[in-house]
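Right, one structure below, let's go through it.
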2 protein chains.
Amino acid sequence: MTVDNDFASTRPIPTGHTSSRNSIPDRRIRAMAVMAPDELKHVGNELLACMRLRQKYIDLSLQSMHEYLKNMEQASEQSNGVLEDECVFEMVESGVFSVFENQKAKDDGQEPFTKVPSIKEYYMDLDYVLDTISDGPIKTWAFHRLQYLDARWRLYMLLNEREETMQSKMVPHRDLYNVCKVDGHIHLASAITQANLARFMKTKLMTEPDRPVIVRDGQTLTLKQVFESLNLTADDLSIDTLDMHAHKGAFHRFDKFNSSFNPVGQPQLREIFMKTDNFIDGEYFAQITKEVMSDLEQSRYQMAEYRVSIYGRSIDEWDKLAAWVVDHKLFSNNVRWLIQTPRLYNIYKASGQVENFEQVLRNIFQPLFEVTKDPSSHPKLHIFLRRVVGFDTVDDESKPERRMHKKYPLPCVWDSESNPPYTYYCYFTMANLCSLNQWRMRRGFNTFVFRPHAGEAGDTEHLSAAFLTAQAINHGILLRKVPALLYLYYMEQIGLAMSPLCNNALFLEYERNPFDAYFRCGLNVALSTDAPLQFHFTKEPLVEEYSFAAQFWKFSSIDMCEMAMNSVIQSGFEAEVKRHWIGSDYPETSQPDTNRTNVPLRRLQYRATTLEQEQEVVKKMANEGSDTLHPDHVVFC
Amino acid sequence: MTVDNDFASTRPIPTGHTSSRNSIPDRRIRAMAVMAPDELKHVGNELLACMRLRQKYIDLSLQSMHEYLKNMEQASEQSNGVLEDECVFEMVESGVFSVFENQKAKDDGQEPFTKVPSIKEYYMDLDYVLDTISDGPIKTWAFHRLQYLDARWRLYMLLNEREETMQSKMVPHRDLYNVCKVDGHIHLASAITQANLARFMKTKLMTEPDRPVIVRDGQTLTLKQVFESLNLTADDLSIDTLDMHAHKGAFHRFDKFNSSFNPVGQPQLREIFMKTDNFIDGEYFAQITKEVMSDLEQSRYQMAEYRVSIYGRSIDEWDKLAAWVVDHKLFSNNVRWLIQTPRLYNIYKASGQVENFEQVLRNIFQPLFEVTKDPSSHPKLHIFLRRVVGFDTVDDESKPERRMHKKYPLPCVWDSESNPPYTYYCYFTMANLCSLNQWRMRRGFNTFVFRPHAGEAGDTEHLSAAFLTAQAINHGILLRKVPALLYLYYMEQIGLAMSPLCNNALFLEYERNPFDAYFRCGLNVALSTDAPLQFHFTKEPLVEEYSFAAQFWKFSSIDMCEMAMNSVIQSGFEAEVKRHWIGSDYPETSQPDTNRTNVPLRRLQYRATTLEQEQEVVKKMANEGSDTLHPDHVVFC
């Protein structure tokens, strides 16, 4: 069992090798040494403290799913003509915008009405979490509880598989293909399949050869000239020449993977076909996007949350992106947007595009405050933002991060060539979301969540930062190395949009992926494709991702429907849409409906009861630290 | 490495556990103890003897690919109006038809002109092969040579990967999607995807509810009545209610897998929708088949060789099947047929449908001799047979086979309730193909090959019988347990149409499948789907099969193109079609063309040279048994 072997590597207890992927790790059952009541109390208190810390940040940034959906619902009732607000905003602390009631209040020295935790507080809280998850008794306890959740699942399945199947067959119309699935982690630039991209480029080269498409060295080149300069004809274009698939050479080579985004290895072609802001105003990329959206719409039950980039190199990126989306009418009921901000300050600095890190943050967030104050200041952006559900942060997590002394410099004085660490990026995203969302909620505008890439590679500290600041994450495969944090992710039901086929190509071989172990333990896991252009082969990448998982781990149709349900729960689609997809009472009661999800009531109850009991155990333990709370005493439902 | 662990289980040499699927099994390099010249000579002679035995049967049954394609080419030049032949046929030896020049020659007691090896000779030869592959020195030698082929491949790849990729990019137009792929092992009744079958049934129920479709207990029922009797409405129909997917319950339960062929677990629905011979003359199944064929044609580069059943329960099965194909015009350039004969004599006997085994053989083969003598006796069969490329034999190989004493009874006296063993079925198929093909060749008709299911489960003896009698096989996963036989399959380049996703559901978990090890060693392996209805999830089952293999084993695009090329080589499509797909000189010189296969010249040369040298080594060893032939002396190309 993958997850156990990996847990084991963080644990001092000697463990045997389990040969089959399905065997029960019986030799490790002894791992739970009898703990003293004091120790149990300590464990309970620390875990609760960590959960309270997360709650603080999620509350301040208005990221709880309930709050998020409520705001969105209010926002949709909002009339279109919104006047300018009298509130004013300013970057009071470096890197974080604050909002004041009005100019006078600000001039009078009143506090801003937006509440944002300070960076100092954030790093202290982060340290607290890091200390907690590396505490011996807490690690042992969490490891044991995860084993218990796994064993309880196996027992549940042995006893209920038949009944579940019967219940599932009774649900009319629904099956794996007729339940809603959201691809919650997919990059727009990689959403098209290889075969379709090759065909698209070929068609353009044949039908619009003389169209000017790019400027190079002061010269405007036509499409034909570009291909001629690359010594390529339409007939040469194939998947092989495009060479965008993450083949075996990409394993542990994120740099190679990044350069695979260039068709035929040529940045020109990427600029012409895959960019929103170029000589042809992103027209080709808009056409590609429409094709992709139309395929989604035809599938009827597949949705996607596409990532598009805001780099933070200049202040007009938002307006350009919004104009691209609005002018090309890139709207679909099946699609919502996430903004990905690459962590590339060091590159921009080295090439002289920015002075310091504050400038990056200003470029990323200032337009959002401006449009919140006065929608007419960026009318297209205002329209676009209604379909934006949140922020992501992306780049190679395995890059080494330079450790600073005790304190990191503020963004205004971060002008060295080195890149801020992941945790620092997280803070400033969350902090600006606090003030932005608080203001937008007052204004009746939809708010945004933070759903970063975390735990794909690199330092597991990233996952602790995400625990405090993010509503949900992408990947999270490294959680398997940190049982206490994995346990906290379970307790908080933090969504994980996982892409085992992507991991298989880049960081972790399929058979070692912890997806199935997470699923058994009851984490809120869903499958997503990440980048069909690089990883998938069929015309149905999301189904291919489900197929691989189902066949390799022998998931049942019910398991897959549960994952699909999770993908809806994690997503940023509106409350009324979620009600339609997974249950009429869903956002209010958190109770999905069997008739819409095709997940049998028994399974839904098992998951809910198990989680409730686990929360109960931790709470009681913190209060009493009593031996009577020994986990084995928890009865099965 | 899967194959090594499994080889190891048949070997006396203690071996270590190799933890990663890609590690080099260095600890076993010592396995090749220095052999005495006498021993080497013995090994060489025995291996050559086995190969000569195979050649004898393949020659007599006209199954060499070269011969097969030549006959087919002559047959296509044949005019349509063929007169009755004056030759006459008769079952002289029980179970095997013989053909005489004419009635007089037969009456005069002349020998038949058809040459068929006797069953006694066959079983002696089979014993010879079985003895050889269990001979100690031969096992050691084969095991070592397979290790060597594997190591040589790894070395080749390390040194040539870059050059191969460059060569592959130079091939215009071609890539994985634009090279021809034959699904060489797929059952027609399972060729439709689940989603399409559910949709088809739903549409029929809504548009033709009052059509009489089946007779039960003397009553003719309409489609609506059938569904009412099952308590099903159109809205209930989903993948879940159909329940035809081989979910986890099918592992090592071939019986469960077999019953999964019944939609909603109901044999009535199977009869109505999935049978060629029923109350509606197989009309629904013909419509389904047309849909499947039309999807294939749209894919342009995908072909299929569909299995349809002849049971041998009655003499008119052939005419009914042929009428179904011809009347419904089920012809496609992308499709050829194979006849599968289920090994179910014991069932027919128990239910009183046949007297003895000879009757089954008569039912299967007599109409073929009749139509060869006089095409006008079965005109539709004559037309159908032009698109039939060969025979398959199917059933659960893992069923225990009752061993007989020294000799098996002849078919005419095989009237007990027990089923003949696999090897016996093989003999009678091959023996009748000898006389049938010899006659058909003289007549200028196309001939047939034998491509049985072998080595999916059960006794590895099946693989030895197939080694003697079959042109190619399906599955062959158990070859990994018999290194000497695996080595012979390599030397003879016997095609293996493998379906790792099917194996994963039924008999062998994906990570233990030897497909990748076979591929590295240079066996003639291709990927096939077996039964998309039961195993696959996307609308492109064959691409899904390739995708899974490529992602799990990290095959390159070139590797996949080589597998696609192998699938064409193994297939029964006509020579001119093969020339078009893989190279203008292909059938004549066995040299595929890089421009059509997208397999780089370097790879083609590596495979050819490696095989030639290996054949050379064995030949020289047999002649000289000399130490100078120590395999390590073979230079790399």
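Computed quantities for the displayed model
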| read-out | value |
| --- | --- |
| Peptide-level mean, for B:237-249, of C-beta atoms on other protein chains within 10 Å | 6 |
| Under 19 Å, Cα to Cα: Lys pairs in the range A:191-310, sequence gap 8 or more or different chains | 9 |
| Dipole moment magnitude, nearest 20 debye, the range A:190-299 about Cα centre, only Lys, Arg, Asp, Glu C-beta charged | 260 |
| Set B:Lys181/B:Lys539; A:Lys115/A:Lys619; B:Lys578/B:Lys619; A:Lys349/A:Lys407 screened for pairs whose C-alpha atoms are more than 23 Å apart | A:Lys115/A:Lys619; B:Lys578/B:Lys619 |
| Calculated label separations, A:Ser376, copies of the chain, 7 Å along the beta-carbon direction, nm | 9.3 |
| Check: chain A dipole with +1 on Lys, Arg Cβ and -1 on Asp, Glu Cβ, in debye | 1060 |
| Simple label model, 7 Å out from Cα along Cβ direction - B:Asp327 to A:Thr203, nm | 4.3 |
| Extension gain (nm, one decimal) between B:Ser398 and B:Asp585, 0.36 nm per residue minus Cα-Cα | 63.2 nm |
| Residue among B:Tyr284, A:Phe200, B:Gln551 farthest towards the positive dipole end of the protein assembly as shown, charges placed on Cβ | B:Gln551 |
| Degrees, to the nearest 10: A:483-492 long Cα axis against longest axis of chain A | 80 |
| Whole-number D in µm²/s for the range B:190-299 (Stokes-Einstein; Kirkwood sum over Cα pairs; 25 °C, 0.890 mPa s) | 168 |
| Shielding by other protein chains, A:192-198, mean Cβ within 10 Å | 2 |
| Projected-area mean, the range B:131-247, by convex hull of Cα positions, square nanometres | 16.3 |
| Volume of the Cα convex hull of the range A:207-248, divided per residue and given in Å³ | 98 |
| Lys/Arg +1, Asp/Glu -1 at C-beta; the protein assembly as shown dipole; positive extreme among A:Val525, A:Ala36, B:Trp581 | A:Ala36 |
| Per-residue Cβ neighbour rank within 10 angstrom, fewest leading, A:Cys87, A:Cys521 | A:Cys87, A:Cys521 |
| Most to least packed among A:546-557, B:344-355 [average Cβ atoms within 10 Å] | A:546-557, B:344-355 |
| 10 °C / 1.306 mPa s Stokes-Einstein diffusion coefficient of chain A, Kirkwood radius on C-alpha pairs, µm²/s | 62 |
| The range A:98-152: trypsin sites (Lys or Arg not before Pro) in DSSP loop, at most 14 other beta carbons within 10 Å | A:Lys115 |
| Residue order, fewest to most beta carbons within 10 Å, for A:Leu53, B:Leu496 | A:Leu53, B:Leu496 |
| Helical mean residue ellipticity (222 nm; -39500 (n - 2.57) per DSSP H run of 4+; nearest 500) of chain A | -15500 deg cm²/dmol |
| Listed residue (A:Leu463, A:Asn160, A:Phe331) projecting farthest to the positive dipole end of chain A, Cβ model | A:Asn160 |
| Residue of chain B whose Cβ sits closest to the axis mapping B onto A, with distance in whole Å | B:Thr538, 2 |
| Rounded to the nearest 20 debye, dipole of the protein assembly as shown from Cβ charges on Lys, Arg, Asp, Glu | 880 |
| Other-copy label distances relative to B:Val215, 7 angstrom Cα-Cβ extension, nm | 8.3 |
| Under the Debye formula (equal points on every Cα, no solvent term), log10 I(q)/I(0) of the protein assembly as shown at q = 0.05, 0.06, 0.07 Å⁻¹ | -0.41, -0.59, -0.79 |
| Position A:Glu624, label points 7 Å along Cα→Cβ, spacing to each other copy in nm (shortest first, one decimal) | 8.6 |
| Inter-chain shielding of B:496-509 (mean C-beta neighbours from other protein chains, 10 Å cut-off) | 1 |
| Rounded Å value of the spacing that divides the Cα centres of the range B:401-443 and the range B:261-329 | 27 |
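Every number here is computed from the coordinates shown, using simple stated rules; none is lab data. Computed from a predicted model, the values in this text were never measured in an experiment. So basically every Cβ, Gly included, is an ideal-geometry build from the backbone, and we count neighbours across all protein chains shown.
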